[in-house]
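**Q** Structure provided below as structure tokens; questions to follow.
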Amino acid sequence: MTAEVSRRSMIAGTVGVAGMLPTLANAATEVVKTQTSANGFLIPPDARPPSFEFAFQIRIELGERLRYGPTYWGFDRGYVGVLGGTVTGPRFSGKVIPHSGGDWPTIRPDNSVRFDARYLLQADDGTIVALHNTGIRHADKAVLDRMQRYEHVDPSEYYMGLTPRFEAPEGPHEWLSQTIFVGKADRDKSHSIFTYWALV
């Protein structure tokens, strides 16, 4: 192949690609239109938000809240024991077994909290289910300071999200171990109310 033939081939190829560019650009634009959400992120065209259904609510009675630190790792730690409580809802009902565990939170200097709680539930039929409840709470500093003084604060003023995991035996309650849950909380001085939704 001569240099002249090679040069002509390159020019023809370039012109051909250039001629296709508007078509390619339009196609790409259409793909972006179909896959771009309102906030500009690309999403699969067939993506749909997951569905949740209300599962149950736990009112848990709490003992004395302890706080100590900062520890060697730089954060305060805490502990609060479980005195008992009730579980009500369409998917599960029963009680919180008294003195079966507690919460060991990690507390930032601004009083934001990361939770790590373990305790036991007992269904109405006597089945015992272990609960490992993790989550976070944060808000404006003024709101967190009020909560630290154990004032009642409306849940709309702070973020408190939960990701519980349940360990249930085989049988009618095994679905708890087979399901992903998310929760919200209403925290008070002597108790907390956890509301859980199941991912369906």
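The values are calculated or read from the model by the stated rules, or taken from the named source; none is laboratory data. In this text the structure is predicted, and so the values were computed from the model without any measurement. No Cβ is skipped: glycine too gets one built from the backbone with ideal geometry, and neighbour counts run over all protein chains shown. Surface areas here come from the heavy atoms of the whole protein model, side chains and all, with no ligands, DNA or RNA. Shrake-Rupley method; radii C 1.70, N 1.55, O 1.52, S 1.80 Å.
**Q** Tell me, what is the per residue accessible area of the range 84-200 in Å², probe radius 1.4 Å?
**A** Per-residue value: 51 Å².
**Q** Give me the percent of accessible area attributable to carbon and sulfur for the range 49-168, probe 1.4 angstrom.
**A** For the range 49-168, the apolar C and S fraction of the accessible surface comes to 54 percent.
**Q** Under a straight-distance cross-link criterion of Cα-Cα below 12 Å, which aspartates and glutamates are reachable from Lys189, leaving out those fewer than 8 residues away in the same chain?
**A** Those aspartates and glutamates meeting the cut-off are Glu61, Glu64, Glu151.
**Q** Here's something else I'd like to know. Which whole-Hz ³J(HN,Hα) couplings does the range 134-148 yield from phi under the Karplus relation 6.51 cos²θ - 1.76 cosθ + 1.60, θ = phi - 60°, glycine and proline marked x?
**A** For the range 134-148, the Karplus curve yields 10, x, 9, 9, 8, 5, 4, 4, 4, 5, 5, 5, 5, 5, 5 Hz.
**Q** Distance in nm between label sites at Trp197 and Phe54, each 7 Å beyond Cα in the beta-carbon direction?
**A** 1.2 nm
**Q** For the range 131-200, which GluC sites (Glu not before Pro) are in a loop by DSSP, counting at most 11 other Cβ atoms within 10 Å?
**A** Glu151, Glu170
**Q** If you don't mind, another one. Could you go through the range 53-70 in sequence order and give the Karplus-derived ³J(HN,Hα) for each residue, using 6.51 cos²θ - 1.76 cosθ + 1.60 with θ = phi - 60°, rounded to whole Hz, and x for Gly and Pro?
**A** 10, 4, 9, 5, 10, 10, 9, 10, 8, 10, x, 5, 8, 10, 9, 8, x, x
**Q** Residue by residue through the range 155-172, which ³J(HN,Hα) values in whole Hz follow from phi under the Karplus form 6.51 cos²θ - 1.76 cosθ + 1.60 (θ = phi - 60°), with glycine and proline marked x?
**A** My calculation for the range 155-172 gives x, 5, 8, 9, 9, 9, x, 10, 10, x, 10, 10, 10, 10, x, 4, x, x Hz in order.
**Q** By per-residue mean of other Cβ atoms within 10 Å, what is the highest-first order of 189-196, 143-150, 67-74?
**A** Put in order of decreasing packing, that is 189-196, 143-150, 67-74.
**Q** With equal scatterers on the alpha carbons only and no solvent term, can you work out the Debye log10 of I(q)/I(0) for the range 78-137 at 0.24 1/Å?
**A** -0.94
**Q** Working from the alpha-carbon coordinates of the range 82-199, get Rg over Rh, Rh being the Kirkwood radius.
**A** 0.99
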